[in-house]
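Participant: What follows is a single structure, and I will ask about it in a moment.
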There are 4 protein chains.
Amino acid sequence: MSIGVGIIGAGIMGADHARIIAGQVAGAHLVAVCDADMGRAEAAARESGARRVIADPMALIADPEIGAVLIASPDATHADYAIACIKAAKPVLCEKPLAPTAAEGLRVIEAELTAGRRFVQLGFMRRFDPGYTETRALIDSRRFGAALAVHCVHRNLSAPPHFNEAAAIVNSCVHEVDISRFLLSAELVSVQVFRARRSSLAHFHDPLLAVFETSDGQLVDVELFLNAQYGYEVRGEVVCETGTIAFGPALSTEIRHAGVTATGIAADWRPRFAAAYRIQNQAWIDSIRSGKPAGASAWDGFIATTVTDAGVKSLGSGASERITREKKPSLY
Amino acid sequence: MSIGVGIIGAGIMGADHARIIAGQVAGAHLVAVCDADMGRAEAAARESGARRVIADPMALIADPEIGAVLIASPDATHADYAIACIKAAKPVLCEKPLAPTAAEGLRVIEAELTAGRRFVQLGFMRRFDPGYTETRALIDSRRFGAALAVHCVHRNLSAPPHFNEAAAIVNSCVHEVDISRFLLSAELVSVQVFRARRSSLAHFHDPLLAVFETSDGQLVDVELFLNAQYGYEVRGEVVCETGTIAFGPALSTEIRHAGVTATGIAADWRPRFAAAYRIQNQAWIDSIRSGKPAGASAWDGFIATTVTDAGVKSLGSGASERITREKKPSLY
Amino acid sequence: MSIGVGIIGAGIMGADHARIIAGQVAGAHLVAVCDADMGRAEAAARESGARRVIADPMALIADPEIGAVLIASPDATHADYAIACIKAAKPVLCEKPLAPTAAEGLRVIEAELTAGRRFVQLGFMRRFDPGYTETRALIDSRRFGAALAVHCVHRNLSAPPHFNEAAAIVNSCVHEVDISRFLLSAELVSVQVFRARRSSLAHFHDPLLAVFETSDGQLVDVELFLNAQYGYEVRGEVVCETGTIAFGPALSTEIRHAGVTATGIAADWRPRFAAAYRIQNQAWIDSIRSGKPAGASAWDGFIATTVTDAGVKSLGSGASERITREKKPSLY
Amino acid sequence: MSIGVGIIGAGIMGADHARIIAGQVAGAHLVAVCDADMGRAEAAARESGARRVIADPMALIADPEIGAVLIASPDATHADYAIACIKAAKPVLCEKPLAPTAAEGLRVIEAELTAGRRFVQLGFMRRFDPGYTETRALIDSRRFGAALAVHCVHRNLSAPPHFNEAAAIVNSCVHEVDISRFLLSAELVSVQVFRARRSSLAHFHDPLLAVFETSDGQLVDVELFLNAQYGYEVRGEVVCETGTIAFGPALSTEIRHAGVTATGIAADWRPRFAAAYRIQNQAWIDSIRSGKPAGASAWDGFIATTVTDAGVKSLGSGASERITREKKPSLY
């Protein structure tokens, strides 16, 4: 009855997922870990207690002991592995983004349409963060009237060396793209990206300010600052007609020392979204057992790529760019 | 490999434990639920997906499919069931208190000493609350020098009809008793209970203020207010030589509406300590598998009862009461 | 030695200024109040203890007992009265804006240039708010590196009936225009105004989002929401290279009641900026005595109007508008 | 019409009062400063712009240009100077405490009774702190039912070398004594002082915990920690039947840097109570003009000394000490 899970990718994300699946989720067990770097795969397997290490991702997908696959490999490989899982009729939890571009993402949609069934849950874990779910519930309650605008802040300690402005949109801002759609139950129709003064500590133009408009006329502005130096911080505020809802990291322990009252800020996303990842992975396992999809679909992942495509275009043009509207297949 | 768990008691706590064991913990599955009220047992089993309902707690303890027992029945029954589990050599997670009085709690200690092994983890779940564990780590780091005093607040929306002043000490303050010992790594040596002005909304003298002294000279004061009307709130502050550490509920979503900026307060302990219960129950399952005890022991539960005994005595005398010092057996 | 002050305008602002000058400022006394509505002037005089009521603003300016004039009359009259004071060689504290348009504001500059001396302090009181002055000191310290971007929120309970989108820029956003220049020691070079989803409770398109660029490449975004319903709130965050500085209302009393922890939000700007107005008015009196100008000058007021002119233009065009750069005369 | 003020004492408090009277208060001017240390008196006079320095306090009190006297000299001299002012029929603002003991304080009461008029306002400035006045208004509104208990924290960076446990009660805790009476409109009837673990950084037993009972059955507990090292912090919480009111320093600017979100803590009482002192001194001047007493009376100062006398006694006995009840003369 317990579902056997295989994980492709044993980097930071993959190793974390291995730990969660093996040690914090009911109804599943970790069968195998796979990584191009066998040493890394073995380390993740050892730490989490996975039974096996498998060298070939396609072999992992085909393995009969493995009933569900979690994809945490490099972005460019997500679509291929997801498609292989769909063909093997195995449920997938795929880390975001679905693909670096909309064109590539579309292939996954086509595979699901061909299969006539949804297999992919996309790892937009924020949809499971207690702060975001509470915020969405408050918006949906219309207790404060309609939502009119959203302010978002997305800051990282520092960006990896291979990052650039486009990656800031495709890899980081994609979270705000999805969560805006989730919170507002609306589509994003245009985007304009502004450049703030460039930080002398960044190796590309950072920070950026992206301004989105939704199909319901709402504005969503996002500060993207990937070299903020002080820590990882994701928060925001939804402005409604009669009140606002501010979401952010859960704060508890407060220190008074050396002339300040202080609360800690995480160094990366793991403490900030630890609950979100755990709840997401449990929801994925539960959804496999119940047959009822949970979280973001491949379609949500695809739509996010159409938005980030437009964002990258605006980086070049400096102007507002319309976002291609796609017709949602009835499967989703 | 997965550990079969049986739960005795299907009241609020028992039903919550059933949900956690069945749906949020890795490495275990819920076999059966037991309650004097069969309808309540059946409801908890149905909701959590437990396979069976068992009428007799002793039958549950004896059941060969059940490898570990969670006791969430009325306080007065804890010791007897725990002793039965010890005799059956089955690991136990026993809700606090170990027993209403030290004399009764001592019987559990004797049973473990006879068995020559520890079987009981006591459900002082706060030891697993992220805020408390962070606070203890900060104290132990001595980053702010030695801990000198602790201020605690323990408020409930309203007390159940059968509660009285003594129950406020035995049932509620027992949490602060244990967590003070946990945070300070010290024993409590005296207690004096003061009565504040009595709330006209309480059916007994409420609130109380208890002042404890520790074996290291620290003071711990605890406001106990079981009819605080506004919600459930547990928080505090540890005063150290060069700084203080305030622990409390994790806050995130903030509402601005109708002339106030507001954050929600839970109505009872479940949202406040949801993480603590989940982590505690996972730690219990993990400890059974690893053979390494986790959390509070039966001895910790027994010591807590010696403290609350003295607290109840102070309620009567109005004076400071010494707490009996017990010699810790080498088993603990 | 004490400076005799006359106040033109006895509306909400004028009456407040009368109270401050008469009862909270050292080195000055209130001589007379003037208003088109004599009843209103008499009420303000009575409440503050002013000796006289004067019907004609020009008579007030000419009055030999009056050594300094505070202008709190309707916006369109500010420039004329300020020019009359300059001609009479009397120091002026003029409520913002200097004038509704840059063209009108320029006349005041010309009067001061002709006089060869500065007489006007412009009532951008935020420059005296302790939160803003602390923020500017932190920016100037470069403790967190260079300032890169500023996020501002400017919300009112509800806008007066005569307000519209343009007034939101000219009358409200003008505060953020001045304070951005003050905080960043930079000029604003472009502005683009976006419309959020329109609140159904507003009688014009509200809220707006204005995005400014500075001469140093910084971005300043301002949410203007004049019908926010829940209260008056002005706050923001300066994003620097290694840290951020959030400024906002001073919070102290915190209520726990009915399921929430809450801090109060003012209904209008008076409690929020009470300290700023008092400190500003004291600084004005002190500057008259010392001969050293304080706060914003007529030039600052004029520049603010060039920015709001461009903001109003962007409201019409929907595009980014360049802001006319003016050459600062050596007088300022 | 402007009231001429003379200040006795040019230490930290006296110099601050000189600055406030000369530069922040309407309706008064600073005539002279007096101090045993003439250099210190001259410095305070120069900085504040006082016209004269007077060597002899009695000469200052007698000076015809001086209509009101502010006493900020050492504690032991307060009563004598206050009595001299009463005899000279001059209004006094006297720094707390009225006297180091109740016996000495009683002499001031007798002088006012003999004069048949109140001349003394006691410098319990917290009664003018916006946080405390808001808290008292909320208590009096009975919006949250009756007040049942108060928790107070009183922390200093470090105590002066001449301080000891008794001084912590007489000099520091006296503020909580007065403010409890002010907030609760009740008398304190008993006090018991506990010693926490002694800080290794303190030259006397510090911190202490004082527990007071009021005539209405309320409890007031006060943590006194005069060597808290991290800063000056005064805050507390009033527990009412259906809600609580927490008062504390006004917070605004918030820094995010180096892994923490931080708000500053003052190094001493001056920033924390700057508004309180200014408002107090203005209220004193206004009360002289209106003839209506403001703030704490000599009686309030005397009662506070009866309470601190009992507190010092409890330091010695370790037990609860009753506080002498004094019959209030009709003058107060």
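The values are calculated or read from the model by the stated rules, or taken from the named source; none is laboratory data. Quick caveat: nothing in here was measured; it's all calculated off a predicted structure. Ideal geometry is used to build each Cβ from the backbone, glycine not excepted, and the neighbour counts take in all protein chains shown. What goes into the accessible areas is simple: the full protein's heavy atoms, side chains included, and nothing from ligands, DNA or RNA. Shrake-Rupley method; radii C 1.70, N 1.55, O 1.52, S 1.80 Å.
Participant: Are any residues in segment B:194-213 buried (at least 17 other Cβ atoms within 10 Å of the Cβ) and more than 8 Å from chain D (Cβ to nearest Cβ), and if so, which ones?
Facilitator: Across segment B:194-213, the qualifying residues are B:ALA202, B:ASP206, B:LEU208, B:ALA210, B:PHE212.
Participant: Quick one: D:TRP284 ticks every box in (1) crowded, with 23+ Cβ neighbours inside 10 Å; (2) assigned to a loop (DSSP other than H, G, I, E, B) except a single one, so which number is it?
Facilitator: It is condition (2) that D:TRP284 fails.
Participant: Return the residue satisfying two criteria in turn: it lies in segment B:289-320 and is hydrophobic (A, V, I, L, M, F, W, C) and within 14 Å of another protein chain (Cβ to nearest Cβ), and of such residues it is surrounded by the most Cβ atoms within 10 Å (Cβ to Cβ). Reasoning before the result, please.
Facilitator: Of segment B:289-320, the ones hydrophobic (A, V, I, L, M, F, W, C) are B:294, B:296, B:298-299, B:302-304, B:307, B:310, B:312, B:315, B:319.
Retained after the next criterion (residues that are within 14 Å of another protein chain (Cβ to nearest Cβ)): B:294, B:319.
Numbers: B:ALA294: 19, B:ALA319: 12.
Taking the candidates together, the pick is B:ALA294.
Participant: Condition first: within 14 Å of chain C (Cβ to nearest Cβ) and either within 17 Å of the chain's Cα centre (by Cα) or closer than 21 Å to C:LEU251 by Cβ (or both). Can you find one or more residues in segment D:116-127 that meet it?
Facilitator: Yes: one or more hits.
Participant: Within segment A:215-229, does at least one residue satisfy the condition of being open to solvent by 40 Å² or more (accessible area, probe 1.4 Å), on the phi < 0 side of the Ramachandran plot and not basic (Lys, Arg)? So that I can check it myself, show each step before the final result.
Facilitator: Filtering segment A:215-229 down to residues open to solvent by 40 Å² or more (accessible area, probe 1.4 Å) leaves A:215-216, A:229.
If we keep only those that are on the phi < 0 side of the Ramachandran plot as well, we get A:215-216.
Those still in the list that are not basic (Lys, Arg) too: A:215-216.
Within segment A:215-229, one or more residues are open to solvent by 40 Å² or more (accessible area, probe 1.4 Å), on the phi < 0 side of the Ramachandran plot and not basic (Lys, Arg).
Participant: In segment D:250-263, how many residues are without any contact (Cβ under 8 Å) to a residue 24 or more places away in the chain and open to solvent by 30 Å² or more (accessible area, probe 1.4 Å)? It would help to see each step written out before you state the result.
Facilitator: Of segment D:250-263, the ones without any contact (Cβ under 8 Å) to a residue 24 or more places away in the chain are D:251-263.
Among the residues that remain, those that are also open to solvent by 30 Å² or more (accessible area, probe 1.4 Å) are: D:251-252, D:254, D:257-258, D:260.
So the count comes out to 6.
Participant: Going by the conditions given, is C:GLU110 touching a residue at least 60 places away in the same chain (Cβ under 8 Å) and among the charged types (D, E, K, R)? Steps first, please.
Facilitator: Values: touching a residue at least 60 places away in the same chain (Cβ under 8 Å): no; among the charged types (D, E, K, R): yes.
Spelling it out, it is not the case that C:GLU110 is touching a residue at least 60 places away in the same chain (Cβ under 8 Å) and among the charged types (D, E, K, R).
Participant: Here is a check on your reading of the model: is C:GLY27 within 14 Å of chain D (Cβ to nearest Cβ) and small (Gly, Ala, Ser)? Outline the logic, then answer.
Facilitator: Values: within 14 Å of chain D (Cβ to nearest Cβ): yes; small (Gly, Ala, Ser): yes.
Yes; evaluated as a whole, the condition is true for this residue.
Participant: Something else now. Can you spot a residue in segment A:148-155 that is facing another protein chain (nearest Cβ under 10 Å) and touching a Phe, Trp or Tyr at 6+ places or on another chain (Cβ under 6 Å)? Step through it out loud before you land on a result.
Facilitator: From segment A:148-155, those facing another protein chain (nearest Cβ under 10 Å) are A:148-151, A:153, A:155; that's our starting set.
With touching a Phe, Trp or Tyr at 6+ places or on another chain (Cβ under 6 Å) added as a condition, the list becomes A:155.
Scanning segment A:148-155, I find at least one residue that is facing another protein chain (nearest Cβ under 10 Å) and touching a Phe, Trp or Tyr at 6+ places or on another chain (Cβ under 6 Å), so the answer is yes.
Participant: For A:ALA45, are the conditions met, namely being of a type in the set (Gly, Ala, Ser) and either open to solvent by 20 Å² or more (accessible area, probe 1.4 Å) or more than 20 Å from B:GLN282 (Cβ to Cβ) (or both)?
Facilitator: yes
Participant: Restricting attention to segment B:1-19, does a residue exist that is hydrophobic (A, V, I, L, M, F, W, C), under 15 Å from B:GLY123 (Cα atoms), open to solvent by less than 40 Å² (accessible area, probe 1.4 Å) and within 14 Å of chain A (Cβ to nearest Cβ)?
Facilitator: Checked segment B:1-19: at least one residue is hydrophobic (A, V, I, L, M, F, W, C), under 15 Å from B:GLY123 (Cα atoms), open to solvent by less than 40 Å² (accessible area, probe 1.4 Å) and within 14 Å of chain A (Cβ to nearest Cβ).
Participant: Given the conditions (1) more than 30 Å from C:PHE144 (Cα to Cα); (2) touching a strand residue (DSSP E or B) at 6+ places or on another chain (Cβ under 7 Å); (3) more than 7 Å from every other protein chain (Cβ to nearest Cβ); (4) buried (at least 22 other Cβ atoms within 10 Å of the Cβ), which single one is not true for D:VAL234?
Facilitator: In the conditions (1) more than 30 Å from C:PHE144 (Cα to Cα); (2) touching a strand residue (DSSP E or B) at 6+ places or on another chain (Cβ under 7 Å); (3) more than 7 Å from every other protein chain (Cβ to nearest Cβ); (4) buried (at least 22 other Cβ atoms within 10 Å of the Cβ), D:VAL234 misses (1) alone.
Participant: Moving on. Going residue by residue through segment B:246-257, is there one that turns out to be among the β-branched types (Val, Ile, Thr) and within 14 Å of chain A (Cβ to nearest Cβ)? I'd like the intermediate steps shown before the answer.
Facilitator: Just the residues of segment B:246-257 that are among the β-branched types (Val, Ile, Thr), to begin with: B:253, B:255.
Next cut, within 14 Å of chain A (Cβ to nearest Cβ) only: B:253, B:255.
Yes, some residue in segment B:246-257 is among the β-branched types (Val, Ile, Thr) and within 14 Å of chain A (Cβ to nearest Cβ).
Participant: Under 9 Å between Cβ atoms, at least 6 apart or on separate chains: pull out the pairs that start in segment D:68-81 with a residue that is in the same structural domain as D:MET58 (by TED's automatic domain parsing) and end on any residue that is of a type in the set (Asp, Glu) and open to solvent by less than 40 Å² (accessible area, probe 1.4 Å).
Facilitator: Listed pairs, sorted by first residue: D:LEU70/D:GLU95; D:ILE71/D:GLU95; D:ALA72/D:ASP16; D:ALA72/D:GLU95; D:SER73/D:ASP35; D:SER73/D:GLU95; D:ASP75/D:GLU95; D:HIS78/D:GLU95.
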